[in-house]
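What follows is a set of notes on a single structure, which appears directly below.
The values are calculated or read from the model by the stated rules, or taken from the named source; none is laboratory data. Being a predicted model, the structure only gives us computed values, none of them experimental. Every residue, glycine as well, gets a Cβ built from its backbone with ideal geometry; the counts of neighbours run over all protein chains shown. We work out accessible area using only protein heavy atoms, side chains counted, and drop any ligands, DNA or RNA first. Shrake-Rupley method; radii C 1.70, N 1.55, O 1.52, S 1.80 Å.
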Amino acid sequence: MSIQENLNHVWENIEQSAAKSGRTKEDITLIAVTKTISMNRILEATKLGIKDIGENRPQEIQEKIDFIPENIHLHMIGQLQTNKVKYIIGGCSLIHSLDRLSLLREIDKRGKSMDKKIHTLIQINHTTDENRGGIPLSGLEDFLGCLSEYPNVFVDGLMCVASLTEDETKLRTEFSSMRKALEDLKKYETDNFRPTILSMGMSHDYKIAIEEGATHVRIGSAIFGDRTRR
Ligand SMILES: *Cc1c(COP(=O)(O)O)cnc(C)c1O
């Protein structure tokens, strides 16, 4: 299947799932996940209408950044080491993987030096596997309590990678708990916290995620095909 055919299919699904949650496809941001994908194929996707792309490795972002058209938003969706922040921060419009205090501090420091507010999402981990990155929902309020000390970081919402499972009920529970958390947080709005974005849903679960309230989906293989290992 060509990128064009895949995209048409994905857009159709997004429209249908958005309708099921009382929304339209304009309410959903499709982030094409381009990790391991060549620049040629990325540009093919942007010519077909993709405006947001997601990468997960700082080094790959550095290699690609000069070739990405100016009007395309680049999203950092992978785990971020503190010492890599400086390499990617200028080129990314949203960092989805804010998950610890040391990273909050570093992003704020780099934002300050550029005199910019850096847009981020807090990554939530629904599992007990700490290697997956993200904080548990139960730790969210404490984390947000520190935010006011870091005025160059702006938090726009939450992100998660759902459990790897075919169990639709489990997926719905995880996604709907994200949505509920986002709603509950609206009462804590501040100058650098305005929760509007829910980044959740990948190739195998984006339809369910949208039905449960996702505003941003991150889709790779359903657009570009299986990633070749390298
Ligand atoms: C790779 C990746 C995706 C996309 O995965 P697909 O299954 O190819 O759609 C989404 N989110 C994150 C954080 C990823 O690393």
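Tabulated values for the structure
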read-out	value
Test for GLY22: is it surrounded by 15 or more Cβ atoms within 10 Å (Cβ to Cβ) and under 30 Å from ARG194 (Cα atoms)	no
The stretch 178-225, residues that are in a loop (DSSP other than H, G, I, E, B) and within 19 Å of ASP142 (Cβ to Cβ)	GLU189, ASN192
Single match in MET76, MET114 (criterion: under 26 Å from ASP191 (Cα atoms) and in contact with a His (Cβ under 7 Å, 6 or more places away or on another chain))	MET76
Test: residue in the stretch 215-228 that is open to solvent by 20 Å² or more (accessible area, probe 1.4 Å), within 9 Å of the ligand (Cβ to nearest atom) and at pLDDT 95 or above	yes
Considering residues of the stretch 25-45 that are polar (S, T, N, Q) and under 18 Å from the mean Cα position of the chain (by Cα) only, the residue least open to solvent (accessible area, probe 1.4 Å)	THR34
